[in-house]
Amino acid sequence: AIYVSWRDTEVLVRSLDQLREVVGDDEDLEVVVVVNEASDEAVHVVASARPESKIIANADNRGFGPACNQGAAAATGDVLLFLNPDTMAQAGAIAEIRRAVDSRPDAAAIAPRLDDGGPAGEEDQRSFQLRRLPTLGADARELLLIDRLVPANRCRRRSRYLDHDRDQPFDVEQTAAAAVAVRREAFEAVGGFDERFRPAYWEDVDLCLRLRQHGPIVFWPSARVAHIGGVAASALGQRGFRRLYYANALRYRDKHYSQSAVLAYRGLLARGMTMRASVSLLTNRPRAQASQELRGYLDVTALALRGVPVERAR
């Protein structure tokens, strides 16, 4: 089990306590915790909660993907279970993941079922966790607010696997990295997380795309993990979150889309942010909140028009 922590020590300790409660002192389950921007106090708290765990303390925030790679390198198991600090493994979850790994030897990764672990946000875990890989058509629906206005439209239901029986296992194109078990062999074969996607967002989509070259990703609903969601975004603030999220959305498309599709995406992104800014101006909100929202939309519009530095992917 590999955790990456950033400014969330209290949440992380609850997750570690829950993991111990559901698996006890299982000697076959190794725990590795990578703490970004680590303070001595944070490392001490984590060590007290799980003394036998391996703890890697980074002085700065290396980002989610790079820290996951650190954790994978330090781990010794042949299955790497990445867990967000805001997840709570439910009874039997680890045993079910093991059963899935044994039952599907062809699978590159197993996605346990994410359940809502806190107050419902803009979308629940059922529509958040599983998705088909991005396409320009799906980008247009999301950016032009079609999915927001008509959330039950047929294309969105298909792209989020909402038309599948969620009580049965099935193969998916991508799953959120909040909780995912990856065979080490497949993880190492694709080079782990692409560290360009730092500090966070879109690295899991990119990893899923590459993992599928080595086997399917299998949704396994009997392994259940509660997920709060939005903890990192809250720490960043809405303006910071939007800028990072869409900067890495552009990096993903620079890496995987054709040049013409990238240009089309940039146009859609600029148009989408303009629409959101217009809606924000018409909404009755506190001035400070409205100002931050508007500046965030303008930041992303600027990103769309000039793009992000393109680094060669590995």
Report summary line: Reviewing (1) 55, 42, 39; (2) 76, 52, 39; (3) 71, 52, 39, the figure for Cα extents along the principal axes in Å actually calculated from this model sits under (1)
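Could you tell me what a quarter of the Cα convex hull surface of segment 175-314 works out to, in nm² with one decimal place?
Its average projected convex-hull area is 10.2 nm².
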**Report entry** Label zone at residue 78 (point 7 Å along Cα-to-Cβ), backbone N below 16 Å, segment 173-209
**Finding:** 182-189
**Report entry** Helix 259-282 axis, angle to the chain major axis (alpha carbon atoms, nearest 10°)
**Finding:** 80 degrees
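Just add up the charged neighbours of residue 155: K/R +1, D/E -1, any other residue whose Cβ is under 9 Å from the Cβ of residue 155.
For residues surrounding residue 155, the net value is +4.
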Report summary line: Among 67, 35, 85, the residue whose Cα sits farthest towards the positive end of the charge dipole of segment 1-126, when +1 is placed on the Cβ of each Lys and Arg and -1 on the Cβ of each Asp and Glu, is 67
**Report entry** Degrees separating the helix 231-256 axis from the principal Cα axis of the chain, which is the longest one
**Finding:** 80 degrees
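Starting from the residue with the highest accessible area, list 6, 220 in decreasing order, probe 1.4 Å.
Result of the area sort, largest leading: 6, 220.
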Requested in this report: Using the charge dipole of the chain (Lys, Arg: +1 at Cβ; Asp, Glu: -1 at Cβ; taken about the Cα centre), state which of 192, 103, 53 has its Cα farthest towards the positive end.
Outcome: 192
**Report entry** Shape call, segment 25-82: gyration tensor on alpha carbons, a/c limit 1.5
**Finding:** oblate
Requested in this report: Using label points projected 7 Å from each Cα along Cα→Cβ, tell me how many nm separate residue 60 and residue 116, to one decimal.
Outcome: 4.0 nm
Query raised in the report: Using alpha carbons only, how many degrees (0 to 90, rounded to 10) separate the axis of helix 40-49 from the longest principal axis of the chain?
Result: 50 degrees
Report task. Determine the share of the chain's accessible area contributed by carbon and sulfur atoms, expressed in whole percent, with a 1.4 angstrom probe. Result -> 51 percent
Query - Lys, Arg +1 and Asp, Glu -1 on Cβ, resulting dipole of segment 35-144 about Cα centre, debye, nearest 20 - result: 440 debye
Requested in this report: May I ask you to derive the FRET efficiency for residue 126 and residue 189 from their Cβ-Cβ distance with R0 = 30 Å, giving the value to the nearest 0.05?
Outcome: 0.45
Query raised in the report: Of the trypsin sites (Lys or Arg not before Pro) in segment 136-244, which ones lie in a loop per DSSP and count no more than 16 other C-beta atoms within 10 Å?
Result: 166
**Report entry** In Hz, Karplus ³J(HN,Hα) per residue of segment 65-81 (6.51, -1.76, 1.60; θ = phi - 60°; x = Gly, Pro)
**Finding:** x, x, 5, 4, 4, 4, x, 5, 5, 7, 6, 10, x, 8, 10, 9, 9
Report summary line: The size of the Cβ-based charge dipole (Lys, Arg +1; Asp, Glu -1) of segment 230-284 about the Cα centre, to the nearest 20 debye, is 60 debye
**Report entry** Surface per residue (accessible, 1.4 Å probe) for the chain, Å²
**Finding:** 47 Å²
Query - Check: the chain dipole with +1 on Lys, Arg Cβ and -1 on Asp, Glu Cβ, in debye - result: 1840 debye
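The values are calculated or read from the model by the stated rules, or taken from the named source; none is laboratory data. This structure is a prediction, so every number in the text was calculated from the model and none was measured. Glycine gets a Cβ as well: all are built from the backbone with ideal geometry, and neighbour counts include every protein chain shown. Please note that ligands, DNA and RNA were not included when accessible areas were found on the heavy atoms of the full protein model with its side chains. Shrake-Rupley method; radii C 1.70, N 1.55, O 1.52, S 1.80 Å.
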